[in-house]
Amino acid sequence: MSFIQLNNLTKYFHDSSNPAVTALNLDIQKGEIISLLGPSGCGKTTTLRMIAGFEHPNKGEIHIDGKEVFSETHSLPPEKRGIGMVFQDYALFPHMTILKNVMFGLNKWSARQKKQRAKEVLELVGLEGYEKRYPTQLSGGQQQRVALARALAPNPHVVLMDEPFSNLDAGLREKMRFDVTNILRKANTTAIIVTHDQKDAFAVSDRVVVMKDGVIQQIAAPKEMYRCPKNCFVAQFVGKTNLLTGRMDDDLMNIHTHIGKVTLPEQWQERLETVKLSIRPEGCHLTDQGAFCGEVVRVTYGGEYQELYVRLHNEPNLSKEPMLIYAPIDQDVEIGTIVTFDIKPELVALVE
Ligand code: ATP
(Lines give C-alpha, C1' and ligand atoms only; values in the text may rest on other atoms or scores of the structure.)
Protein backbone atom coordinates (compact mmCIF):
# COMPACT_ATOMS: atom_id res chain seq x y z
CA MET A 1 0.00 0.00 0.00
CA SER A 2 1.27 3.49 -0.84
CA PHE A 3 1.94 5.95 1.98
CA ILE A 4 -0.85 8.26 0.80
CA GLN A 5 -3.72 6.99 -1.32
CA LEU A 6 -6.42 9.14 -2.86
CA ASN A 7 -9.11 6.92 -4.37
CA ASN A 8 -11.74 8.22 -6.72
CA LEU A 9 -12.03 11.61 -4.95
CA THR A 10 -14.87 13.74 -6.26
CA LYS A 11 -15.95 17.13 -4.96
CA TYR A 12 -18.67 19.47 -6.17
CA PHE A 13 -19.83 22.61 -4.40
CA HIS A 14 -23.28 23.51 -5.72
CA ASP A 15 -23.70 21.74 -9.02
CA SER A 16 -23.09 17.98 -9.05
CA SER A 17 -22.86 18.03 -12.86
CA ASN A 18 -19.88 20.42 -12.66
CA PRO A 19 -17.48 19.04 -10.04
CA ALA A 20 -14.38 20.98 -8.89
CA VAL A 21 -12.54 17.61 -8.75
CA THR A 22 -13.59 14.44 -10.59
CA ALA A 23 -12.63 10.84 -9.72
CA LEU A 24 -9.09 11.71 -8.70
CA ASN A 25 -6.73 8.79 -8.05
CA LEU A 26 -3.21 9.33 -6.76
CA ASP A 27 -0.71 7.11 -4.89
CA ILE A 28 2.19 8.81 -3.13
CA GLN A 29 5.23 7.06 -1.66
CA LYS A 30 6.81 8.00 1.68
CA GLY A 31 9.30 10.84 1.28
CA GLU A 32 8.02 11.81 -2.16
CA ILE A 33 7.56 15.47 -3.12
CA ILE A 34 4.54 15.86 -5.39
CA SER A 35 3.28 18.99 -7.12
CA LEU A 36 -0.30 19.59 -8.18
CA LEU A 37 0.08 21.83 -11.23
CA GLY A 38 -2.57 23.45 -13.39
CA PRO A 39 -4.27 26.68 -14.37
CA SER A 40 -6.47 28.68 -12.04
CA GLY A 41 -9.70 26.87 -11.12
CA CYS A 42 -8.49 23.37 -12.10
CA GLY A 43 -9.10 21.98 -8.60
CA LYS A 44 -5.60 21.96 -7.04
CA THR A 45 -6.52 23.78 -3.84
CA THR A 46 -9.76 21.80 -3.43
CA THR A 47 -7.69 18.58 -3.66
CA LEU A 48 -5.24 19.87 -1.04
CA ARG A 49 -8.08 20.96 1.26
CA MET A 50 -9.73 17.52 0.97
CA ILE A 51 -6.47 15.85 2.03
CA ALA A 52 -6.13 18.30 4.94
CA GLY A 53 -9.72 17.70 6.03
CA PHE A 54 -10.95 21.27 5.47
CA GLU A 55 -13.24 20.12 2.70
CA HIS A 56 -15.35 16.93 2.58
CA PRO A 57 -15.28 14.97 -0.70
CA ASN A 58 -18.67 13.89 -2.06
CA LYS A 59 -17.15 10.56 -3.04
CA GLY A 60 -13.96 8.61 -2.58
CA GLU A 61 -11.46 7.64 0.11
CA ILE A 62 -8.26 9.03 1.57
CA HIS A 63 -5.65 6.86 3.33
CA ILE A 64 -2.57 8.30 5.05
CA ASP A 65 0.10 5.98 6.45
CA GLY A 66 -2.19 2.97 6.25
CA LYS A 67 -5.02 4.71 8.09
CA GLU A 68 -8.37 5.61 6.57
CA VAL A 69 -8.77 9.33 7.20
CA PHE A 70 -11.80 9.76 4.93
CA SER A 71 -14.45 7.51 3.44
CA GLU A 72 -18.14 7.93 2.78
CA THR A 73 -18.88 6.80 6.35
CA HIS A 74 -15.92 8.19 8.25
CA SER A 75 -13.91 11.41 8.47
CA LEU A 76 -11.01 12.27 10.76
CA PRO A 77 -10.80 15.96 11.72
CA PRO A 78 -7.83 17.92 10.32
CA GLU A 79 -5.88 17.91 13.61
CA LYS A 80 -5.94 14.09 13.76
CA ARG A 81 -4.64 13.51 10.21
CA GLY A 82 -0.94 14.16 10.96
CA ILE A 83 -0.70 17.00 8.49
CA GLY A 84 1.50 20.11 8.48
CA MET A 85 0.16 23.06 6.49
CA VAL A 86 2.12 25.93 4.94
CA PHE A 87 -0.24 28.63 3.72
CA GLN A 88 0.38 30.98 0.80
CA ASP A 89 0.66 34.02 3.12
CA TYR A 90 2.57 31.93 5.76
CA ALA A 91 -0.11 32.76 8.43
CA LEU A 92 2.48 33.51 11.14
CA PHE A 93 1.19 35.11 14.35
CA PRO A 94 2.57 38.67 14.29
CA HIS A 95 2.44 39.15 18.08
CA MET A 96 4.46 36.00 18.80
CA THR A 97 8.21 35.53 18.53
CA ILE A 98 9.57 33.09 15.96
CA LEU A 99 10.19 30.52 18.71
CA LYS A 100 6.59 30.80 19.96
CA ASN A 101 5.25 30.61 16.41
CA VAL A 102 7.07 27.32 15.89
CA MET A 103 6.10 25.97 19.33
CA PHE A 104 2.44 26.75 18.62
CA GLY A 105 1.62 23.45 16.89
CA LEU A 106 3.08 21.36 19.73
CA ASN A 107 0.36 21.94 22.31
CA LYS A 108 0.41 18.43 23.76
CA TRP A 109 4.15 18.48 24.45
CA SER A 110 5.79 19.60 27.72
CA ALA A 111 7.21 23.15 27.76
CA ARG A 112 10.78 21.82 27.67
CA GLN A 113 10.11 19.42 24.79
CA LYS A 114 8.35 22.16 22.82
CA LYS A 115 11.29 24.52 23.15
CA GLN A 116 13.82 21.84 22.27
CA ARG A 117 11.88 20.68 19.19
CA ALA A 118 11.26 24.28 18.02
CA LYS A 119 15.00 24.99 18.26
CA GLU A 120 15.75 21.76 16.35
CA VAL A 121 13.48 22.65 13.42
CA LEU A 122 14.65 26.28 13.36
CA GLU A 123 18.17 24.91 12.98
CA LEU A 124 16.94 22.59 10.19
CA VAL A 125 15.57 25.56 8.24
CA GLY A 126 18.73 27.61 8.91
CA LEU A 127 17.20 30.13 11.34
CA GLU A 128 19.04 29.41 14.57
CA GLY A 129 19.61 32.70 16.38
CA TYR A 130 16.32 34.19 15.16
CA GLU A 131 14.20 32.76 18.01
CA LYS A 132 13.47 36.09 19.71
CA ARG A 133 12.56 38.07 16.59
CA TYR A 134 9.00 38.79 15.45
CA PRO A 135 7.72 37.86 11.95
CA THR A 136 7.78 41.49 10.73
CA GLN A 137 11.52 41.58 11.46
CA LEU A 138 12.18 38.81 8.90
CA SER A 139 12.42 38.80 5.10
CA GLY A 140 9.79 36.99 2.98
CA GLY A 141 12.07 33.99 2.47
CA GLN A 142 12.83 33.78 6.21
CA GLN A 143 9.13 34.01 7.08
CA GLN A 144 8.48 31.15 4.72
CA ARG A 145 11.15 29.05 6.41
CA VAL A 146 9.50 29.77 9.80
CA ALA A 147 6.17 28.62 8.36
CA LEU A 148 7.84 25.43 7.11
CA ALA A 149 9.56 24.91 10.51
CA ARG A 150 6.18 25.27 12.25
CA ALA A 151 4.61 22.75 9.88
CA LEU A 152 7.49 20.27 10.37
CA ALA A 153 7.74 20.61 14.17
CA PRO A 154 5.15 17.96 15.13
CA ASN A 155 6.72 15.44 12.71
CA PRO A 156 3.69 15.26 10.41
CA HIS A 157 3.07 12.38 7.99
CA VAL A 158 2.80 14.91 5.19
CA VAL A 159 3.37 18.63 4.64
CA LEU A 160 0.86 20.41 2.40
CA MET A 161 1.98 23.68 0.80
CA ASP A 162 -0.38 26.03 -1.05
CA GLU A 163 1.39 28.22 -3.64
CA PRO A 164 4.45 28.49 -1.35
CA PHE A 165 6.53 30.61 -3.73
CA SER A 166 3.96 33.02 -5.11
CA ASN A 167 4.70 35.86 -2.64
CA LEU A 168 8.42 35.90 -3.43
CA ASP A 169 10.24 37.93 -6.08
CA ALA A 170 11.97 36.08 -8.94
CA GLY A 171 15.48 35.81 -7.40
CA LEU A 172 14.31 34.76 -3.96
CA ARG A 173 11.81 32.37 -5.51
CA GLU A 174 14.60 30.42 -7.17
CA LYS A 175 16.61 30.24 -3.94
CA MET A 176 13.56 29.17 -1.90
CA ARG A 177 12.73 26.38 -4.37
CA PHE A 178 16.18 25.00 -3.65
CA ASP A 179 16.02 25.62 0.13
CA VAL A 180 12.53 24.16 0.57
CA THR A 181 13.45 21.00 -1.37
CA ASN A 182 16.61 20.58 0.73
CA ILE A 183 14.74 21.04 3.99
CA LEU A 184 12.00 18.57 3.00
CA ARG A 185 14.63 16.03 1.91
CA LYS A 186 16.64 16.44 5.12
CA ALA A 187 13.49 15.96 7.20
CA ASN A 188 12.55 12.99 4.94
CA THR A 189 9.04 14.41 4.77
CA THR A 190 6.38 13.57 2.23
CA ALA A 191 5.05 16.79 0.70
CA ILE A 192 2.29 17.89 -1.64
CA ILE A 193 2.72 21.32 -3.17
CA VAL A 194 0.06 23.27 -5.07
CA THR A 195 1.34 25.60 -7.78
CA HIS A 196 0.28 27.05 -11.11
CA ASP A 197 3.92 27.66 -12.04
CA GLN A 198 5.65 24.97 -14.09
CA LYS A 199 9.12 26.06 -12.96
CA ASP A 200 8.15 25.68 -9.28
CA ALA A 201 6.71 22.24 -9.95
CA PHE A 202 9.66 21.00 -12.00
CA ALA A 203 12.29 22.38 -9.61
CA VAL A 204 10.94 20.85 -6.41
CA SER A 205 9.07 17.65 -7.29
CA ASP A 206 9.78 13.98 -7.78
CA ARG A 207 6.53 13.73 -9.70
CA VAL A 208 4.15 16.32 -11.09
CA VAL A 209 0.39 15.92 -11.35
CA VAL A 210 -1.08 18.12 -14.10
CA MET A 211 -4.78 18.92 -13.67
CA LYS A 212 -7.36 20.58 -15.90
CA ASP A 213 -11.05 21.15 -15.12
CA GLY A 214 -10.82 18.95 -12.02
CA VAL A 215 -9.37 15.98 -13.91
CA ILE A 216 -5.81 14.63 -13.78
CA GLN A 217 -4.21 14.87 -17.23
CA GLN A 218 -0.86 13.22 -16.48
CA ILE A 219 1.27 12.09 -13.56
CA ALA A 220 4.99 11.87 -14.32
CA ALA A 221 8.50 12.86 -13.26
CA PRO A 222 9.37 16.34 -14.63
CA LYS A 223 11.71 15.13 -17.37
CA GLU A 224 9.34 12.44 -18.57
CA MET A 225 6.44 14.89 -18.59
CA TYR A 226 8.42 17.41 -20.63
CA ARG A 227 9.67 14.84 -23.13
CA CYS A 228 6.54 12.71 -23.40
CA PRO A 229 3.50 14.87 -22.65
CA LYS A 230 0.38 12.72 -22.79
CA ASN A 231 -1.91 15.17 -24.56
CA CYS A 232 -2.00 18.58 -26.25
CA PHE A 233 -2.97 20.34 -23.03
CA VAL A 234 0.05 19.01 -21.10
CA ALA A 235 2.38 19.68 -24.05
CA GLN A 236 1.31 23.32 -24.10
CA PHE A 237 0.97 23.89 -20.36
CA VAL A 238 4.34 22.40 -19.50
CA GLY A 239 6.82 24.50 -21.49
CA LYS A 240 6.41 25.71 -25.05
CA THR A 241 5.85 23.44 -28.01
CA ASN A 242 4.93 23.09 -31.70
CA LEU A 243 1.77 21.05 -32.21
CA LEU A 244 1.40 19.46 -35.65
CA THR A 245 -1.09 17.00 -37.10
CA GLY A 246 0.16 14.33 -39.45
CA ARG A 247 -0.19 10.88 -40.95
CA MET A 248 1.99 7.87 -40.24
CA ASP A 249 4.15 6.73 -43.14
CA ASP A 250 4.09 3.08 -44.24
CA ASP A 251 7.59 2.71 -42.79
CA LEU A 252 6.03 3.37 -39.32
CA MET A 253 8.90 5.72 -38.53
CA ASN A 254 7.95 8.98 -40.14
CA ILE A 255 4.98 11.30 -39.90
CA HIS A 256 3.88 13.39 -42.89
CA THR A 257 3.00 16.85 -41.58
CA HIS A 258 2.48 20.25 -43.17
CA ILE A 259 6.15 21.09 -42.58
CA GLY A 260 7.39 17.82 -44.14
CA LYS A 261 8.41 14.38 -42.90
CA VAL A 262 9.19 14.17 -39.18
CA THR A 263 10.99 11.11 -37.79
CA LEU A 264 9.57 9.63 -34.61
CA PRO A 265 11.70 8.22 -31.79
CA GLU A 266 11.48 4.44 -31.54
CA GLN A 267 9.02 4.27 -28.64
CA TRP A 268 6.35 6.06 -30.65
CA GLN A 269 6.73 4.03 -33.84
CA GLU A 270 3.43 2.19 -34.18
CA ARG A 271 0.68 2.02 -36.78
CA LEU A 272 -1.61 5.01 -36.49
CA GLU A 273 -3.41 6.88 -39.21
CA THR A 274 -3.62 10.51 -38.17
CA VAL A 275 -1.58 11.63 -35.22
CA LYS A 276 -0.73 14.77 -33.29
CA LEU A 277 2.88 15.64 -32.60
CA SER A 278 4.43 17.87 -29.99
CA ILE A 279 7.90 19.07 -30.97
CA ARG A 280 9.79 21.06 -28.33
CA PRO A 281 11.47 24.23 -29.66
CA GLU A 282 14.90 22.95 -28.62
CA GLY A 283 14.21 19.81 -30.66
CA CYS A 284 14.65 21.95 -33.79
CA HIS A 285 18.28 22.88 -34.39
CA LEU A 286 19.49 25.25 -37.05
CA THR A 287 21.96 23.73 -39.48
CA ASP A 288 23.09 24.64 -43.00
CA GLN A 289 21.91 21.44 -44.67
CA GLY A 290 18.73 20.96 -42.59
CA ALA A 291 15.75 19.03 -43.96
CA PHE A 292 13.37 21.91 -43.19
CA CYS A 293 13.58 25.43 -44.56
CA GLY A 294 11.63 28.60 -43.78
CA GLU A 295 11.61 32.31 -43.14
CA VAL A 296 11.90 33.91 -39.71
CA VAL A 297 8.70 35.91 -39.09
CA ARG A 298 9.24 36.87 -35.44
CA VAL A 299 12.21 36.95 -33.04
CA THR A 300 12.02 37.21 -29.24
CA TYR A 301 15.12 37.46 -27.08
CA GLY A 302 14.74 35.01 -24.19
CA GLY A 303 18.01 35.75 -22.34
CA GLU A 304 19.92 32.50 -22.79
CA TYR A 305 18.47 31.91 -26.28
CA GLN A 306 16.40 33.53 -29.03
CA GLU A 307 12.90 32.35 -29.84
CA LEU A 308 12.46 32.22 -33.63
CA TYR A 309 9.05 31.82 -35.24
CA VAL A 310 9.67 30.26 -38.65
CA ARG A 311 7.16 29.96 -41.50
CA LEU A 312 8.04 26.90 -43.56
CA HIS A 313 8.58 27.37 -47.29
CA ASN A 314 6.62 24.26 -48.21
CA GLU A 315 3.62 25.45 -46.21
CA PRO A 316 1.38 27.76 -48.22
CA ASN A 317 -1.40 27.60 -45.59
CA LEU A 318 -0.96 30.79 -43.55
CA SER A 319 -3.52 29.64 -40.99
CA LYS A 320 -0.96 27.16 -39.58
CA GLU A 321 1.14 28.41 -36.68
CA PRO A 322 4.79 29.13 -37.55
CA MET A 323 7.29 26.74 -35.94
CA LEU A 324 8.92 27.89 -32.69
CA ILE A 325 12.66 27.18 -32.64
CA TYR A 326 15.31 28.11 -30.07
CA ALA A 327 18.53 29.52 -31.50
CA PRO A 328 21.78 30.38 -29.68
CA ILE A 329 21.97 34.02 -28.61
CA ASP A 330 24.98 34.70 -30.84
CA GLN A 331 23.24 33.43 -33.99
CA ASP A 332 22.71 36.29 -36.47
CA VAL A 333 19.01 36.20 -37.34
CA GLU A 334 16.31 38.75 -37.91
CA ILE A 335 12.84 38.89 -39.43
CA GLY A 336 13.16 37.78 -43.05
CA THR A 337 16.24 35.56 -42.53
CA ILE A 338 15.93 32.21 -44.28
CA VAL A 339 16.93 29.35 -41.98
CA THR A 340 17.20 25.60 -42.38
CA PHE A 341 16.87 23.17 -39.50
CA ASP A 342 16.66 19.52 -38.51
CA ILE A 343 14.38 17.95 -35.91
CA LYS A 344 15.82 15.68 -33.22
CA PRO A 345 13.54 12.64 -32.91
CA GLU A 346 14.20 12.50 -29.12
CA LEU A 347 12.21 15.71 -28.67
CA VAL A 348 9.23 14.61 -30.75
CA ALA A 349 6.26 13.07 -28.91
CA LEU A 350 2.90 11.73 -30.00
CA VAL A 351 0.08 13.40 -28.07
CA GLU A 352 -3.64 12.70 -27.71
P1 ATP B 1 -6.33 28.72 -8.10
O2 ATP B 1 -4.98 28.42 -8.71
O3 ATP B 1 -6.98 29.92 -8.74
O4 ATP B 1 -6.34 28.76 -6.60
P5 ATP B 1 -7.31 25.99 -8.10
O6 ATP B 1 -6.77 25.14 -9.19
O7 ATP B 1 -6.69 25.83 -6.76
O8 ATP B 1 -7.32 27.52 -8.54
P9 ATP B 1 -9.80 25.49 -6.79
O10 ATP B 1 -9.66 26.63 -5.82
O11 ATP B 1 -9.63 24.12 -6.25
O12 ATP B 1 -8.87 25.69 -8.05
O13 ATP B 1 -11.24 25.62 -7.46
C14 ATP B 1 -11.77 24.64 -8.35
C15 ATP B 1 -13.19 25.04 -8.73
O16 ATP B 1 -14.03 24.95 -7.59
C17 ATP B 1 -13.31 26.47 -9.24
O18 ATP B 1 -14.26 26.49 -10.28
C19 ATP B 1 -13.81 27.23 -8.03
O20 ATP B 1 -14.57 28.35 -8.42
C21 ATP B 1 -14.66 26.20 -7.32
N22 ATP B 1 -14.67 26.41 -5.85
C23 ATP B 1 -13.61 26.32 -5.02
N24 ATP B 1 -13.98 26.54 -3.73
C25 ATP B 1 -15.32 26.79 -3.77
C26 ATP B 1 -16.32 27.08 -2.76
N27 ATP B 1 -15.99 27.14 -1.47
N28 ATP B 1 -17.58 27.28 -3.17
C29 ATP B 1 -17.93 27.18 -4.47
N30 ATP B 1 -17.05 26.89 -5.48
C31 ATP B 1 -15.77 26.70 -5.13
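The values are calculated or read from the model by the stated rules, or taken from the named source; none is laboratory data. It should be emphasised that the depicted structure is a prediction, and the values quoted were computed from it without experimental measurement. Note that each Cβ is placed from the backbone with ideal geometry, even for glycine, and that neighbours are counted across all protein chains shown. Surface areas here come from the heavy atoms of the whole protein model, side chains and all, with no ligands, DNA or RNA. Shrake-Rupley method; radii C 1.70, N 1.55, O 1.52, S 1.80 Å.
Tabulated data
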read-out: Residues located in the range 37-55, provided they are more than 8 Å from the ligand (Cβ to nearest atom) and closer than 17 Å to THR195 by Cα; value: LEU37, MET50, ILE51, ALA52
read-out: Pairs, first within 13 Å of VAL159 (Cα to Cα) in the range 23-48, second of a type in the set (A, V, I, L, M, F, W, C) and within 11 Å of the ligand (Cβ to nearest atom), C-beta under 8 Å, six or more apart; value: SER35/VAL194; LEU48/LEU36; LEU48/VAL194
read-out: Hits in the range 56-90 (condition: in a loop (DSSP other than H, G, I, E, B), within 16 Å of the ligand (Cβ to nearest atom), touching a Lys or Arg at 6+ places or on another chain (Cβ under 9 Å) and open to solvent by 40 Å² or more (accessible area, probe 1.4 Å)); value: HIS56, ASN58
read-out: Single residue of SER75, SER139 found to be within 25 Å of VAL194 (Cβ to Cβ), among the hydroxyl-bearing types (Ser, Thr, Tyr) and in contact with a Leu (Cβ under 9 Å, 6 or more places away or on another chain); value: SER139
read-out: Candidates ASN182, ASN155, filtered to the one that is on the phi > 0 side of the Ramachandran plot and modelled with pLDDT of 85 or more; value: ASN155
read-out: Single condition ASP169 does not satisfy, out of (1) surrounded by fewer than 20 Cβ atoms within 10 Å (Cβ to Cβ); (2) of a type outside the set (Phe, Trp, Tyr); (3) touching a Gly at 6+ places or on another chain (Cβ under 7 Å); value: (3)
read-out: Number of positions in the range 138-166 that are under 17 Å from PHE93 (Cα atoms), open to solvent by 40 Å² or more (accessible area, probe 1.4 Å) and part of a loop (DSSP other than H, G, I, E, B); value: 1
read-out: All positions within the range 32-51 that are on the phi > 0 side of the Ramachandran plot and either assigned to a helix (DSSP H, G or I) or open to solvent by 20 Å² or more (accessible area, probe 1.4 Å) (or both); value: GLY41
read-out: Only one of LYS114, LYS100, LYS132 that is in a helix (DSSP H, G or I) and either surrounded by fewer than 20 Cβ atoms within 10 Å (Cβ to Cβ) or of a type in the set (Phe, Trp, Tyr) (or both); value: LYS100
read-out: Of all residues in the range 249-302 being among the hydroxyl-bearing types (Ser, Thr, Tyr) and open to solvent by less than 40 Å² (accessible area, probe 1.4 Å), the one that is modelled with the lowest pLDDT; value: THR257
